[in-house]
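Read-outs throughout are calculated quantities, based only on the coordinates presented, and are distinct from any laboratory measurement. Here the structure is a predicted model, which is why all the values come from computation and not from measurement. We place every Cβ from the backbone using ideal geometry, glycine too, and count neighbours over all the protein chains shown.
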Amino acid sequence: MDTGFIDHAKIFSFLESARPPDASETADILAKARQLKGLDYAEAARLLLIDDGESLAELFAAALFAKSEIYGKRLVLFAPLYVSNMCNNECLYCAFRKSNDRITRRTLGQEEIRRETELLVDQGHKRVLLVSGEGLGEAALGYSLKAIETIYSVKRGDGEIRRVNINIAALPVDAYRQLKAARVGTYQLFQETYHGDTFGRMHPSGPKADYLYHLTAMDRAMQGGIDDVGVGVLFGLYDYRFEVLAMLQHIRHLEETFGVGCHTISLPRIEPATGSDLSLHPPHAVSDADFRKIIAVLRLTVPYTGMILSTRENADMRREAFSLGISQISAGSRTNPGGYSSPDSGEQFSLGDHRNLEEVIQDIVGHGYIPSFCTGCYRLGRTGADFMDLAKPGLIKLYCLPNAMTSFKEYLVHYASSRTRQEGEALIERMMADIPDAQVRETTVKNLGRIEAGAKDLYL
Ligand code: SAM
Ligand code: SF4
């Protein structure tokens, strides 16, 4: 099988010859990581082999340092919107796979998409991730374009969706051009596994079975003008150390070819899915301990790349993950088409976190994190390489923290219970001191007052 720029032999030779770093090597690598310029492939590989408690504690402390320096205590929130669970693929881990007759199939009409969007907007969401199976054949692109238009067109009193990201099957360049023209934000596609043979076994039939076409989707997306792309691995299919190193090769390939790597990395672990035996017994299940290590190593290796955790994980793991490097989470999610209007069967996988948006927000705030609904960068054209320039230490705090405050304030004014509002406003006040620049602090205080008085959508 042609595995393109994923150099399997190089990864295996690393893994075969590598040994865990001793205390002084660990200290050297972590000292470099604390400069926030990223790590090279060999250094990341060494960190992945750490297995003693003391070195792990140092790794986690360095990850916490990087997370706090670059992102502060800010967490971006979004909701997935599943529009179709029809699929022509046979991904062995997924409930949507073609031959699974244990779920009810459904593709939402535009009116249903509108209704789902209204329900998300009414909860206070501003960012949606549009998700679907690969079952609509040639109609898929037109349907997705229409769905994006429908979502953006929903206006509900005080709210609307301001950024639609999308997670759909690999497409040709021209299709990405059309998605870009439809104002799509990030294009996400997970490689699931970078290991060629495993990929072949996991995807026995359907268009997704083509490893190389799937792998090169991000190249085509960037050629089509989409600056923000999101990669991911479905952890549990193959050795996590191989997967992380291969994903780093993928990111380096994008950097070398387009001058910018990926905007986000998603870190799903396999969850039980109806009609999938494999999902109940993942062949390389990743333990909680290894999962923490993966998050920390990635945070230090690509410090300016957003990292996403979904409701697949339970509340405890999500909380731990925030301090290790996660910067975006989904909240109040349903993974069946129409799930916000009527939860029924047809879920993609079972969720580890069943709380609604407000409950998630209360929890986040209780742990001193500020939820952000900001969509400013994308709307000001700060995407791709421009975003990466912004994302240097200090600058995220200068722009993103004030924008988190104003977007959260909007949530508090229009959607929160009085208890959440009180706690949220106290948090905003405490965090004001974290904005490094006096003038920006002043503007932010003014903007918060304007939102209190009814203004919307203020960002720097
Ligand atoms: N159909 C498109 C595709 O496969 O790329 C996009 C939508 S698919 C529903 C989104 C992601 O769900 C997949 O990329 C896969 O990583 C994830 N997924 C599938 N089955 C899962 C399971 N049992 N547990 C956790 N995540 C799963
Ligand atoms: Fe279809 Fe995507 Fe599920 Fe595979 S992961 S069966 S392509 S929805």
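Treating the beta-carbon of each Lys and Arg as +1 and of each Asp and Glu as -1, no other charges, what is the dipole magnitude of region 250-329 about its Cα centre, to the nearest 20 debye? Using Cβ point charges on Lys, Arg, Asp and Glu, region 250-329 gives about 180 debye. Put +1 on the Cβ of each Lys and Arg and -1 on the Cβ of each Asp and Glu in the chain; which of Leu309, Ile428, Ala139 then has its Cα farthest toward the positive end of the dipole? Farthest towards the positive end: Ile428. Helical runs assigned H by DSSP (4 residues or longer) give the chain a calculated mean residue ellipticity at 222 nm of -14500 deg cm²/dmol, each run adding -39500 (n - 2.57) before division by the residue total. What does the charge count around Val445 come to, taking other residues whose C-beta lies under 13 Å from its C-beta (Lys +1, Arg +1, Asp -1, Glu -1)? With Lys, Arg at +1 and Asp, Glu at -1, the neighbours total -1. Which ³J(HN,Hα) values, rounded to whole Hz and listed in residue order, are derived for region 6-18 from phi using the Karplus coefficients 6.51, -1.76 and 1.60 in 6.51 cos²θ - 1.76 cosθ + 1.60 with θ = phi - 60°, glycine and proline given as x? Once θ is set to phi - 60°, the couplings for region 6-18 become 8, 7, 4, 4, 4, 5, 5, 5, 4, 5, 6, 8, 6 Hz. Counting 0.36 nm for each residue step from Arg114 to Ser99 and taking away their Cα separation leaves a gain of 2.5 nm. Where both bridge residues fall in the chain, DSSP classifies roughly 5% of the beta bridges as antiparallel. Taking other residues whose beta carbon is less than 11 angstrom from the beta carbon of Arg19, and scoring Lys, Arg as +1 and Asp, Glu as -1, yields -3. Summing charges over neighbours of Ile29, with a neighbour being any other residue whose Cβ is under 12 Å away from its Cβ, gives -3 when K and R count +1 and D and E count -1. Measuring from each cysteine beta-carbon in the chain, the ones with no other cysteine beta-carbon under 4.7 angstrom are Cys87, Cys262, Cys374, Cys377, Cys400. Couplings 3J(HN,Hα) for region 435-448, derived from phi with the Karplus relation 6.51 cos²θ - 1.76 cosθ + 1.60 (θ = phi - 60°), are 6, x, 10, 4, 5, 5, 4, 4, 4, 5, 4, 4, 5, 4 Hz, where x marks Gly and Pro.
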